[in-house]
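Shown next, in structure tokens, is the structure this report addresses.
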Amino acid sequence: MSMERFIERKLRKVFRDFQQEADSVGGLCACKDLTYEGGNRPDYKSALVQQYYMLRYFPAYLAEYYLMYKHMLQERFLGESLKVISIGSGCGIDCWGLYFAICDSGGDPKRVNYTGIDIVKWKYQEILHIDNSYFINKDITEWTKLDENDYNVIVFPKSIGEFSDKDFNIVCDIFVNTDFSEKRICGLCSLMDIGKEGDAEWQGQGPQDGPQGHLGAEGFSRLYPNHIGKVIHRHCNHCNHCSLPFIPISLRKYCSNSSSSTTT
Ligand SMILES: C[S@@+](CC[C@H](N)C(=O)[O-])C[C@H]1O[C@@H](n2cnc3c(N)ncnc32)[C@H](O)[C@@H]1O
């Protein structure tokens, strides 16, 4: 399945669940919590927040992780086998990016072993065809060292900003206490832009400025269903308690530079 088809399929499923969940909890107001402004940490345990997160960010983050891993593979810094630990993995969007990057590079997903750890058990976890994938539902700061010592890829997919200084120091100690067996280890950190929410430039269309071979802004606007935003706005107009900003992150921010390991 292509990445585009995968996005379409996943968005359709999440949006259907989102509408059902909104009906059962009586509206979308809980989604207001999905903001990083003022140091807020969203309540990812809420199904509605998870679904809203997926609708807003998942296609763009998937494209970013795809590029991040593709870049890593092109560097040929590591050997054939990849053993990844994704810290704050959520439902594993970076695992999906890795899968598509491996496939597009002519590689074999069997080369990959992926472990995602997250304090919250996310819906929509899916391992695609990376059969050696595991999700651990745990607060990583409860560890003193990593659960295995042969990881050679350590990833923070939009998660590093979630750690307080104290917790981040604990995570650093976890690395120090791990007796890594691999000579080469690649660290990947994809940062989140926690600027003003309205900064995302979604106009329903975008220039064809994406590098070839992946979604690109034009591809994004083509495949992102416009009705999602419209339905959400309609919901909010009826509710009148709050007006929820619905701006799926535009890939335009991501596509102007094909090197994405530290994009926002
Ligand atoms: C912004 S979300 C990113 C989720 C996912 N990686 C993605 O790409 O969409 C940050 C994630 O970090 C997780 N997280 C925060 N603190 C954590 C901790 N101490 N241990 C494990 N996961 C943690 C949160 O539960 C959340 O799922």
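7 Å from Cα along Cα→Cβ at both residue 41 and residue 184: what's the point-to-point distance in nm?
Between residue 41 and residue 184, the simple spin-label model gives 3.5 nm.
Would you kindly derive the ³J(HN,Hα) couplings of segment 14-28 from the backbone phi angles with the Karplus curve 6.51 cos²θ - 1.76 cosθ + 1.60 (θ = phi - 60°), listing them in order in whole Hz, with x for Gly and Pro?
The phi angles translate into 5, 5, 4, 4, 4, 5, 5, 5, 4, 5, 6, 9, x, x, 10 Hz.
Using 0.36 nm per residue, how much length does the chain from residue 71 to residue 233 gain when fully extended, once their Cα-Cα distance is taken away?
Residue separation times 0.36 nm, minus the Cα-Cα distance, leaves 54.6 nm.
A 21 angstrom limit on the alpha carbon distance is what I want to check against. Which of 45/123; 83/183; 158/230; 13/110; 110/158; 70/138 exceed it?
Exceeds cut-off: 158/230; 13/110; 110/158; 70/138.
How many nm is it between the label spots at residue 172 and residue 1, if each spot is 7 Å from the Cα in line with the beta carbon?
Output for this residue pair reads 4.1 nm.
Order by neighbour count: 143, 122, 96, fewest other Cβ atoms within 10 Å first, most last.
Going from sparsest to densest Cβ surroundings: 143, 122, 96.
Under 1.5 on a/c is rounded, so check that first for segment 3-190, then, if it is not, pick prolate when a/b is larger than b/c and oblate when it is not; a ≥ b ≥ c are the square roots of the alpha carbon gyration tensor eigenvalues. Could you put the intermediate results ahead of the total?
Numbers: a/c = 2.18, a/b = 1.32, b/c = 1.65.
Taking the square roots of the gyration eigenvalues as a ≥ b ≥ c, segment 3-190 is oblate.
Measure out, as a whole number of angstrom, how far apart the alpha-carbon centroids of segment 75-115 and segment 133-164 sit.
Using only Cα atoms, the two centres lie 15 Å from each other.
Each reported figure results from applying straightforward, stated rules to the coordinates on display, with no laboratory input. Just so it is clear, the structure is predicted and the values come from calculations on it, not from any experiment. Don't worry about glycine lacking a Cβ; one is built from the backbone with ideal geometry, like all the others, and counts go over all protein chains shown.
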